[in-house]
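Chemist: Before we start, here is the structure in question, set down as structure tokens.
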Amino acid sequence: MIEITGSTGERFDEILTPDAIAFIDHLHQAFAGRRQELLLERLRKRTDAANGRDPKFLTTTAAIREDPTWRVAGAGPGLADRRVEITGPTDPKMAINALNSGARVWLADLEDATSPTWGNVIGGQLSLHDAVRSNIRFTSQEGKEYRVTTPPELTPTIVMRPRGWHLVEKHLSFTDRAGRTSPASASLVDFGLYFWHNAHELVAAGRGPYFYLPKLESHEEARLWNDIFVFAQQRIGMATGTIRATVLIETIQASFEMEEILYELREHCAGLNAGRWDYIFSIIKTFLARGRRFAFPDRDRITMTVPFMRAYTELLVATCHKRGAHAIGGMSALIPNRRDAVATERALARVADDKRREARDGFDGTWVAHPDLIPTALAEFDAVLGERPNQVDRLRDDVSVTAGDLLDVATAGGTVTLDGVRANVSVALRYIEAWLRGIGAVAIDNLMEDAATAEISRSLLRQWIENRVVTDEGWPVDRELVTGILDTELAALRETPGSRFDDAAEVLREVSLGEDFPTFLTIGAYARYLADDDADDDADDEIDEALAVAV
């Protein structure tokens, strides 16, 4: 009941095999209905937040939090030492660079760092298929050859991040038992293809099928993933508990259910990650209509040292170590610039400060977005860990975080400036343009931008408009101001050969200045610009489209 509606490409038949498609179908038959129910629950909670009801620690699950006896499965083979993980998309060149990087883990990102064109989705699966079998190769248009030179036993352990529950894959359509047809779940497609083709190979190589789970908003969503893992392992005759998952705590809702999320995934869970950029975006959009209490300053003032972000990360470390789980730090957006020594020196110094703080706070590892940052991050974690693979045994009994601490956005301080408004317009415009051309991770102004950071930029614009913010210089941040800045930026960029800046500007206007505020900019942009013409476009009333608009 899964139909391939996307175009074919070179080697696509190696991934879209009949058995793999049948497995994807079985996943949908078993779990697609629960996915949609959970998306509706997200909408209900979003409505509650808009109406003034703050998230809180659940009374119904207090017994789980108060029970000191349970622990998660912990690290699987190849995951004990995660002190530095490199993140990035799964195209062959970036995959090879990651595997040669010297990092302990490669987060193979099919989500925020990948523009989900059909070619990128299946091409990424092909890269992973080849990488798992140690035969990935790539030759650039200029004739430069890329290959993995690191011995297989020393290459980073692969942890794949599928797309989130809110996203669909329009190049595969699913017909349920009632005869209703809709686009396939992107999460089930990404997970299913990777697991089906690689699970046994990964175990034979001394590692395992490992996953980063993005955008979770509740322990019920974690329970759904756990049930999928059990189902998938049984389907291929693999022992339950072979899979390991690390959950990104990157929504304000999930920050109140960290322990419950660990509990639901305990037989498959390795740890939690502090997904800082999506977490900031989640706070902005969740409380968009709640007034100045939740208003943010310029984007560059929202650092990891402001009190409400410190509360979030300290709670994460304490929660993880209480339950035997890894706590993995987030990604600094700063990257080196090989043509600018001063910018590189500044970036390395700030990254060192960030990673030093994480290591001293008890994190067991951290993310970087560029291979040149690995030595800097590694030095900070080596200084704390020494020969130990992690510091899971370091309990943070000194941490006491309340709901008020997590929600006290005012502690960020700071103000909004005209330069801050311009920066948000410029970054969002340039990122969206690259995303429309199939590029999901983009270096802009010496920062690595992905979908999460672009979401912050476009949602801050809307928040400032909604709250009638006035800049330090006395400019009211309204639609007229943002439109004027956007028109100026567009005029300077639109003549770039082969660019899609007009389309990007249209997307930005819709997601920042339109009557409605889409919960993710990628939902509508994907349906309009990235789905093949022959893909299923007849599901405009599907629940995923309804969730594109916040109440």
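Any read-out appearing in this document is the output of simple, stated calculations on the displayed coordinates, not a laboratory observation. Since we're looking at a predicted model, the values are computed, not measured. FYI the Cβ positions are ideal-geometry reconstructions off the backbone, even for glycines, and counts take in every protein chain you see.
Chemist: Can you tell me the relative contact order of the chain? Whole percent, Cα pairs under 8 Å, sequence separation 6 or more. Can you show the working numbers first?
Modeler: Numbers: 1015 pairs, mean separation 104.5, N = 551.
So the answer I get is 19 percent.
Chemist: Stretch Arg360-Thr303 to full length: gain in nm at 0.36 nm per residue minus the Cα-Cα span?
Modeler: Details: separation 57, 0.36 × 57 = 20.52 nm, distance 1.70 nm.
Between Arg360 and Thr303, full extension yields 18.8 nm more.
Chemist: Turning to a different aspect of this structure: How far is it, in nm, from the label point at Thr61 to the one at Met1 when both lie 7 Å from their Cα along the line to the Cβ?
Modeler: Taking the two extended label points, one gets 2.9 nm.
Chemist: How much net charge surrounds Arg310 when only the other residues with a Cβ under 9 Å from the Cβ of Arg310 are counted, with Lys and Arg +1 and Asp and Glu -1? Don't skip to the end; give the middle numbers.
Modeler: On the way: positive: none; negative: Glu314, Asp361, Asp405.
Value of the local net charge: -3.
Chemist: Gain in length, Arg53 to Glu515, computed as 0.36 nm per residue apart minus the alpha-carbon separation, to one decimal in nm?
Modeler: Values: separation 462, 0.36 × 462 = 166.32 nm, distance 2.34 nm.
The Arg53-Glu515 span can extend by a further 164.0 nm.
Chemist: Here's another thing I want to ask about it. Beta carbons within 10 angstrom, averaged per residue: use that to sort the peptides 292-299, 278-285, highest first. Mind dumping the intermediate values first?
Modeler: Numbers: 292-299: 18.1, 278-285: 24.1.
Sorting 292-299, 278-285 by mean packing, highest first, produces 278-285, 292-299.
Chemist: From the phi of every residue in the stretch 67-74, what ³J(HN,Hα) in whole Hz does the Karplus formula 6.51 cos²θ - 1.76 cosθ + 1.60 yield, where θ is phi - 60° and glycine or proline is x?
Modeler: Running phi through 6.51 cos²θ - 1.76 cosθ + 1.60 with θ = phi - 60° gives 7, x, 8, 8, 9, 7, 4, x Hz.
Chemist: Follow-up question, since we're still on this one. Select from the stretch 307-405 those GluC sites (Glu not before Pro) which occupy a DSSP coil region and have at most 14 other Cβ atoms within 10 Å, ordered by residue number. Please report the intermediate quantities before stating the final value.
Modeler: Working: sites: Glu314, Glu345, Glu358, Glu380, Glu387; in loops: Glu387.
Passing both the DSSP loop test and the Cβ count: Glu387.
Chemist: Quick one: in the stretch 415-513, what % of C-alpha pairs are over 17 Å apart? Display every interim value, and only then the final one.
Modeler: Details: 2250 of 4851 pairs.
Within the stretch 415-513, distances greater than 17 Å cover 46 percent of Cα pairs.
Chemist: For the stretch 451-511, give the magnitude of the charge dipole about the Cα centre (Cβ charges: +1 Lys/Arg, -1 Asp/Glu; no others), in debye to the nearest 20.
Modeler: 140
Chemist: How many nm separate the modelled label positions at Ser140 and Glu495, each set 7 Å beyond the Cα in the direction of the Cβ?
Modeler: Label at Ser140, label at Glu495, 2.8 nm between them.
Chemist: Another question, then. Taking R0 as 22 Å, what's the FRET efficiency between Asp340 and Asp419 from their Cβ-Cβ distance, rounded to 0.05?
Modeler: On the way: r = 20 Å, r/R0 = 0.90.
For R0 = 22 Å, the calculated efficiency reads 0.65.
Chemist: Of the peptides 129-140, 246-257, 201-212, 165-176, how do they stack up when ordered by the mean number of other Cβ atoms within 10 Å, highest first? Show your work: numbers first, answer last.
Modeler: Details: 129-140: 15.9, 246-257: 25.0, 201-212: 19.5, 165-176: 22.7.
Answer by packing, highest mean first, reads 246-257, 165-176, 201-212, 129-140.
Chemist: If each residue of separation counts as 0.36 nm, what is the full-extension length gain between Thr17 and Arg147 once their alpha-carbon separation is subtracted? Don't jump to the answer; show the numbers that get you there.
Modeler: Numbers: separation 130, 0.36 × 130 = 46.80 nm, distance 2.64 nm.
Length difference between fully extended and current span is 44.2 nm.
Chemist: What whole number of Å gives the distance from the Cα centroid of the stretch 261-339 to the Cα centroid of the stretch 451-466?
Modeler: One Cα centre to the other: 17 Å.
Chemist: At 20 °C and 1.002 mPa s, grab the translational diffusion coefficient of the chain from Stokes-Einstein with a Kirkwood Rh over Cα pairs, rounded to a whole number in µm² per second.
Modeler: Working: Rh = 23.7 Å.
Roughly 91 µm²/s, to the nearest whole number.
Chemist: Sketch the reach of a paramagnetic label on Glu480 as a point 7 Å from Cα along Cα-to-Cβ, and name the residues of the stretch 441-470 whose backbone nitrogen lies under 16 Å away.
Modeler: 465-466, 468-470
Chemist: While we're here: Show me the ranking of peptides 84-93, 24-33 by mean Cβ neighbours inside 10 Å, starting with the highest.
Modeler: On the way: 84-93: 23.9, 24-33: 18.6.
My ranking of the peptides, most packed first, is 84-93, 24-33.
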